[in-house]
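The values are calculated or read from the model by the stated rules, or taken from the named source; none is laboratory data. Fair warning: this is a prediction, and the values are worked out from it, not measured in the lab. Cβ placement follows ideal geometry from the backbone for every residue including glycine, while neighbour counts extend to all protein chains displayed. Surface accessibility is based on the protein's heavy atoms, side chains included, excluding ligands, DNA and RNA. Shrake-Rupley method; radii C 1.70, N 1.55, O 1.52, S 1.80 Å.
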Amino acid sequence: MAERAALEELVRLQGERVRGLKQQKASAEQIEEEVAKLLKLKAQLGPDEGKQKFVLKTPKGTRDYSPRQMAIREKVFDVIISCFKRHGAEVIDTPVFELKETLTGKYGEDSKLIYDLKDQGGELLSLRYDLTVPFARYLAMNKLTNIKRYHIAKDFDIAGQFDPMIPDAECLKIMCEILSSLQIGDFLVKVNDRRILDGMFAICGVPDSKFRTICSSVDKLDKVSWEEVKNEMVGEKGLTPEVADHIGDYVQQHGGVSLVEQLLQDPKLSQNKQALEGLEDLKLLFEYLTLFGIADKISFDLSLARGLDYYTGVIYEAVLLQTPVRPGEEPLGVGSVAAGGRYDGLVGMFDPKGRKVPCVGLSIGVERIFSIVEQRLEALEEKVRTTETQVLVASAQKRLLEERLKLVSELWDAGIKAELLYKKNPKLLNQLQYCEEAGIPLVAIIGEQELKDGVIKLRSVASREEVDVRREDLVEEIKRRTSPALCIC
């Protein structure tokens, strides 16, 4: 250690010598010679063991959000939350991690995606994988049997014993309202029922023990071909080709209420109790969806399986549609943006007495929607405001910092979103340019004459029109000009 310290001191002194020669404008040959000595000393020193090199990056699967991205994100959240509130939902929150045993056995093949944490004082913990299982734990722990809630601007659930399909229909209505309001493109909501799937598997000859794993295979049909799904069922999961073909006859069908009615007449499927219950509920659901005016957005799709283990009834998934290349072709789904379903047995898994609380809900794919909105705005080269500042307090002459500080304080106290530049004597042109760059609609300009007259010059950045406003009327005038209903700034 002493030898290394001595060598480090020699490197420091040689470095100072090189810098001194450069300042003295010594000859290039002399500087070059001393630099060579410095490099030789550094080579002897070797890497600094005390410093660890690391890559500056976010963890895999995460990202930072810039002010522009957060402004877009907040607008998306505002649309979603306003819809949830319009439908009477309360808001709750739960920890970002749960006891590992709370999450274990609830997600089927997706369980491998759960992140485990180190032992925390005797408790094995995992990061929550979704918001549905923590919600079910919350209901059981607090002995709740009835609530309509939303969570982190993405999940909405209705818990309680109600008449069939009314809450389910409202969830689908909410999904359609949000996707329409966000204006991200044409979409289609696929619906199915786990009972129909299980009944179909049973009549096709799938062993009970393989229902969930075959369900997981069927759920891949929106991403890969039927042949690939069949190969997985036969090659990896042990079904016979005949059973797989029988499943294929069903899962490649999709349509509206007419398909529901057709399957109600199916000689095999209609004889299965589970499938019959699911089909009758879907028929009722389509009646309510027609009354809600969204039946044209819904497709009964027998390939929709939703891989999570906890679903027990109706399931649904919204996909964005890609415009067909050739006339007559069906629109193609280009990715899921929302999903959900009924899970009547999940709360009972946590209740000590096994009491069930029927639940149905939906989850909005905010990350995917955010990316779509961001790409659309970039394509349109649309400017996004990253602040909500209504007015900049500016000065037209020097030595008016105190007056600017007094005025901006008055505006803040009155609830006005206001800014000022952090310079004693900023140029008026610089202040106006800042407003244009930041999208601030108004400028409140103080000058010596304005102070004498007891007025503030209010300037519209867009039109460049200026008007003198009495100081006591300024707050109301700013509110009037920047209100959403009447933005005349």
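Have a look at TRP412, LEU401, VAL461 and report the one farthest towards the positive end of the charge dipole of the stretch 391-482, computed about the Cα centre with Cβ charges (Lys/Arg +1, Asp/Glu -1).
It is LEU401, whose Cα lies furthest towards the positive end.
Take each uninterrupted DSSP H stretch in the chain, measure its Cα extent along the helix axis, and return the ones at 20 Å or beyond whose mean Kyte-Doolittle hydropathy is at least -0.5. Provide the component values of the computation, followed by the final result.
Working: long enough: 2-23 (32 Å, -0.67); 28-45 (25 Å, -0.19); 67-86 (28 Å, -0.03); 166-182 (24 Å, 0.94); 273-291 (28 Å, 0.18).
Span-like helices here: 28-45, 67-86, 166-182, 273-291.
Can you give me the relative contact order of the stretch 129-181 as a percent, contacts being Cα pairs under 8 Å and 6 or more apart? Could you put the intermediate results ahead of the total?
Numbers: 26 pairs, mean separation 12.3, N = 53.
For the stretch 129-181, the relative contact order is 23 percent.
Given a cut-off of 15 Å, what percent of all Cα-Cα pairs of the stretch 391-482 lie beyond it?
On the way: 2252 of 4186 pairs.
More than 15 Å apart: 54 percent of the Cα pairs in the stretch 391-482.
Mean 1/r over all different Cα pairs, inverted: what Kirkwood radius does the stretch 67-379 give, in Å?
20.5
Share of the stretch 67-379's accessible area from carbon and sulfur, percent, 1.4 Å? Don't skip to the answer; put the middle values down first.
Details: 7690 of 14790 Å².
That share works out to 52 percent.
Report the label-to-label distance for GLU32 and LYS100 in nanometres (one decimal), using points 7 Å from each Cα along the Cα→Cβ vector.
Distance between the two pseudo-spin positions: 6.4 nm.
Give me the dipole magnitude in Debye, nearest 20, for the stretch 391-482 about the Cα centre, with unit charges on the beta carbon: positive for Lys and Arg, negative for Asp and Glu.
Details: 17 positive and 17 negative charges, 61 e Å.
Charge dipole of the stretch 391-482: 300 debye, to the nearest 20.
Just list whichever of LYS417/LYS457; LYS112/LYS143; LYS143/LYS353 have alpha carbons separated by over 22 Å in the model shown.
LYS112/LYS143
Quote the Stokes-Einstein diffusion coefficient, in whole µm² s⁻¹, for the stretch 190-323, based on the Kirkwood radius over alpha carbon pairs, a temperature of 20 °C and a viscosity of 1.002 mPa s.
Working: Rh = 15.1 Å.
Estimated via Stokes-Einstein, D reaches 142 µm²/s.
What size of dipole, in debye to the nearest 20, comes out for the chain about its Cα centre when the only charges are +1 on Lys and Arg C-beta atoms and -1 on Asp and Glu C-beta atoms?
1720
Please identify the GluC sites (Glu not before Pro) of the stretch 365-441 that satisfy two criteria: DSSP loop assignment and at most 13 other Cβ atoms within 10 Å. Which are they? Working shown, then result.
Values: sites: GLU367, GLU374, GLU378, GLU381, GLU382, GLU388, GLU402, GLU403, GLU410, GLU419, GLU436, GLU437; in loops: GLU381, GLU382, GLU388.
Taking the stretch 365-441 and a limit of 13 other Cβ atoms within 10 Å, the loop GluC sites (Glu not before Pro) found are GLU381, GLU382, GLU388.
What dipole magnitude, in Debye to the nearest 20, does the stretch 1-45 give about its Cα centre under +1 on Lys/Arg Cβ and -1 on Asp/Glu Cβ? Don't jump to the answer; show the numbers that get you there.
On the way: 9 positive and 8 negative charges, 27 e Å.
Roughly 140 debye, rounded to the nearest 20.
So between LYS427 and LYS143, what do we pick up on full extension, going 0.36 nm a residue minus the alpha carbon distance?
Numbers: separation 284, 0.36 × 284 = 102.24 nm, distance 6.37 nm.
Roughly 95.9 nm would be gained on extension.
What number, in percent, do you get for the relative contact order of the stretch 391-482 if the mean sequence gap of Cα pairs under 8 Å and at least 6 apart is divided by its residue count? The partial results should precede the final answer.
Working: 138 pairs, mean separation 26.8, N = 92.
29 percent.
Per residue, what accessible area does the chain have, given a 1.4 Å probe and all protein chains present, in Å²? The partial results should precede the final answer.
Numbers: 27410 Å² over 489 residues.
Spelled out: the 1.4 Å probe surface of the chain, per residue, equals 56 Å².
Arrange the peptides 199-207, 336-344 so that the one whose residues have, on average, the most other Cβ atoms within 10 Å appears first. Kindly include the intermediate steps, with their values, before the conclusion.
On the way: 199-207: 20.2, 336-344: 23.0.
So the order, starting with the most tightly packed, is 336-344, 199-207.
Given H placed on each backbone N at 1.01 Å, which residues far from PHE300 in sequence or on other chains put an amide H within less than 5 Å of it?
Placed amide hydrogens put VAL191, GLY255, GLY256 under 5 Å from PHE300.
If I take every Cα pair under 8 Å that is 6 or more residues apart in the stretch 67-379, average their sequence separation and divide by the length, what percent do I get for the relative contact order?
The value is 24 percent.
Under a crude label model (7 Å from the Cα following the beta-carbon direction), how far is ASP296 from LYS118 in nanometres?
Those two pseudo-labels are separated by 5.9 nm.
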